[in-house]
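Computed from the coordinates by the stated procedures, all read-outs in this text should not be read as laboratory data. Source: prediction; values computed, not measured. Neighbour counts are summed over all protein chains in view; Cβ atoms, including those assigned to glycine, are modelled from backbone coordinates with ideal geometry.
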Amino acid sequence: MHITFTFRNTEAEDWLKEYVDKKLSRFERYIDKPVDASVTLSVEKFRNVAEIKLLAKGVNLNGREEAKEMVLAIDNVVDKVERQIKKYKEKTRNHKENVSKGKRENLDQLLPEEFEEDEDQQRISKIMKVVLKPMSVDDAILEMEESKNRFMIFRDASTEKVSVVYRKDDDDYILVETTG
């Protein structure tokens, strides 16, 4: 793994480079290709910002975290990028498993018999793509009221989990939190 360091508004300290190198060595068990890592460590007023960009063959992963201490920011961004790597590996593994089956089964064989009768009734009328913005529950409710939608899908800023707020007919709200 080739690591490039950039320091902004701070001194380039050897112990910090060694710490980042040790943390990034965790990625080698997930990625076997040659990897270029660009690490940017900066101090902006009272915030320490760590940013990592991994470039491998066909993969581009980015992470950015802020914290009061630089070591904490580095730990958080390494964890974030590690989750991205795991997610990417899972996607490629699932894709390879599906392709390696070799034969394409007919859609009629995959559907149970009770679905074959209701084929005309079960149609997708609209496909919505949602960008999950990190926000609090109160912010989600405010944005939902402004747009007059009955529900809002968002990423909870405090827990990083996907949540849904739904407005009932009596103007009460239901919060659905995911666990995965």
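Evaluated with a Cβ-only charge set (Lys, Arg +1; Asp, Glu -1), region 128-180 carries a dipole of roughly 360 debye about its Cα centre, given to the nearest 20. Annotation: amide H-H contacts under 5 Å for VAL35 (H modelled 1.01 Å from N, sequence separation of 5 or more, or interchain): HIS2. Computed about its Cα centre, the charge dipole of region 2-99 is approximately 580 debye, with only Lys, Arg, Asp and Glu carrying charge at their Cβ. Going by neighbour counts of Cβ atoms within 10 Å, the residues ASP170, ASP36 line up, fewest first, as ASP170, ASP36. Along the charge dipole of region 2-99, Cβ charges K/R +1 and D/E -1, which of TYR88, ILE3, LEU16 sits furthest on the positive end? Of the options given, the answer is TYR88. Out of region 120-180, which GluC sites (Glu not before Pro) are coil in DSSP terms and have no more than 15 other C-beta atoms within 10 Å? Listed in order of number, the matching sites are GLU160. The HN-Hα couplings worked out from phi for region 53-65 by the Karplus form 6.51 cos²θ - 1.76 cosθ + 1.60 (θ = phi - 60°) are 10, 9, 10, 10, 5, x, 10, 9, 10, 10, x, 9, 9 Hz, whole numbers, x standing for Gly and Pro. Once the chain from MET128 to ASP14 is taken as fully extended at 0.36 nm per residue, the excess over their C-alpha distance is 36.2 nm.
Annotation: peptides 17-26, 2-11, 71-80, ranked by per-residue average of other Cβ atoms within 10 Å with the highest first, follow the order 71-80, 17-26, 2-11.
Ordered by the count of other Cβ atoms within 10 Å of each Cβ, fewest first, ILE52, ILE153 give ILE153, ILE52.
The fewest-to-most ranking of MET128, MET1 by surrounding Cβ atoms within 10 Å reads MET128, MET1.
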